[in-house]
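Peer 1: Have a look at this one before I ask anything.
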Amino acid sequence: MNRIIIGIVSHGHYDYIVNNHELASIAEIPEVTVVIKDNMKDTKLECYANEVGFEYLTTPKQLGFGANNNCIFNFSKKELLAKDNDWFIILNPDVEITFFEFKKLIAELNSTTDTFFAPDLYKDKGYIQAENSIRYFATYFDLFNPIKLKPINRPYNKSLLENKASVDWASGAFLCVTFQKFGAVNGFDDKYFMYYEDVDLCYRLKKLGIDLKFLKNVKAVHKGEYKNRSIFSKHFRWYLSSLFKFLNTQKSTGNKFE
């Protein structure tokens, strides 16, 4: 059975992690390892990680989302001896998945030859309020969408998608990819400090013929803070900067897929 390594990057998310009791239970599954990359060097978080058996690591300086996840990937390859067919799960600290749903995820991952997946994210524990976590790649034409009161990143209608349907990209809050495929594109591109790392990763994998599959039968809750929504925030400025970096990447590489 392939191992599953869950990577979580904490930017002061001690409360999210320590109150996620499902995660502690999931970590007790024999083939699962949870790795916490602490971007803030929180001694309380380190103590908790040691207490519940999570792997804990930090770096001398703070890193962006992509670079932090790449750090977890490299640690897992070197220190945990992760193999090519093992699964790397990129999980935000504000995402919760129940033990029952995670067992369903394991069953899906163990019964497939596909290598890249995104579960179905919701905003509430009753799985009523769907999150627009599955979207199409943006183009320069989509920059005009706000004029028509439409988002730049157009969402799929998830209710119309079948299980394991191929999609363009999914939120980096919860992605599952084999170590081999993540390594094939050298992981996240750390030119993105925050935002669009997930879009760019999905795009580069798709250019290699690796489709992202939507796991409609596996549900999780994302308590997203959506800090990029205010046009006066630094998060919105980071968002715009990353958006144009991605659009330029598409322009330079061509957005057609073989």
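Nothing in this text is a laboratory measurement; each read-out follows from the coordinates by a stated rule. Only a predicted model underlies this, so the values are computations on that prediction, with no experimental measurement involved.
Peer 1: Highest GNM mean-square fluctuation, the chain, Cα pairs closer than 10 Å: which of K37, K123, K219?
Peer 2: Of K37, K123, K219, the Gaussian network model singles out K123 as fluctuating most.
Peer 1: Could you give the Stokes-Einstein D for segment 1-138 in µm² per second, using the C-alpha Kirkwood radius, 37 °C, 0.692 mPa s?
Peer 2: 207
Peer 1: Right, here's the next one. Rank K61, K83, K41 by mean-square fluctuation in a GNM of the chain with C-alpha springs under 10 angstrom and give only the top-ranked residue.
Peer 2: Result: K61 has the largest fluctuation of those listed.
Peer 1: Run the numbers on the chain and let me know its relative contact order in percent, using alpha-carbon pairs under 8 Å that are six or more apart.
Peer 2: About 22 percent, as a whole number.
Peer 1: Anyone know which of P93, P151, P60 comes out most mobile in the 10 Å Cα GNM of the chain?
Peer 2: P60
Peer 1: Going through the cross-link list K41/K216; K78/K191; K44/K213; K103/K181; K41/K223, which pairs have a Cα-Cα distance over 31 Å in this structure?
Peer 2: K41/K216; K44/K213
Peer 1: Please list the helices of the chain that count as membrane-span-like by this rule: a mean Kyte-Doolittle hydropathy of at least -1.0 together with Cα atoms stretching 24 Å or more along the helix axis, each helix being a complete DSSP H run.
Peer 2: 234-253
Peer 1: In 5 Å bins starting at zero, report the fraction of Cα pairs in the chain per bin as a rounded %.
Peer 2: 1, 6, 13, 18, 21, 18, 13, 7, 3, 1, 0
Peer 1: Among the DSSP beta bridges whose two residues both lie in the chain, what percent are antiparallel, rounded to the nearest 5?
Peer 2: Counting only bridges with both partners in the chain, antiparallel ones make up about 45 percent.
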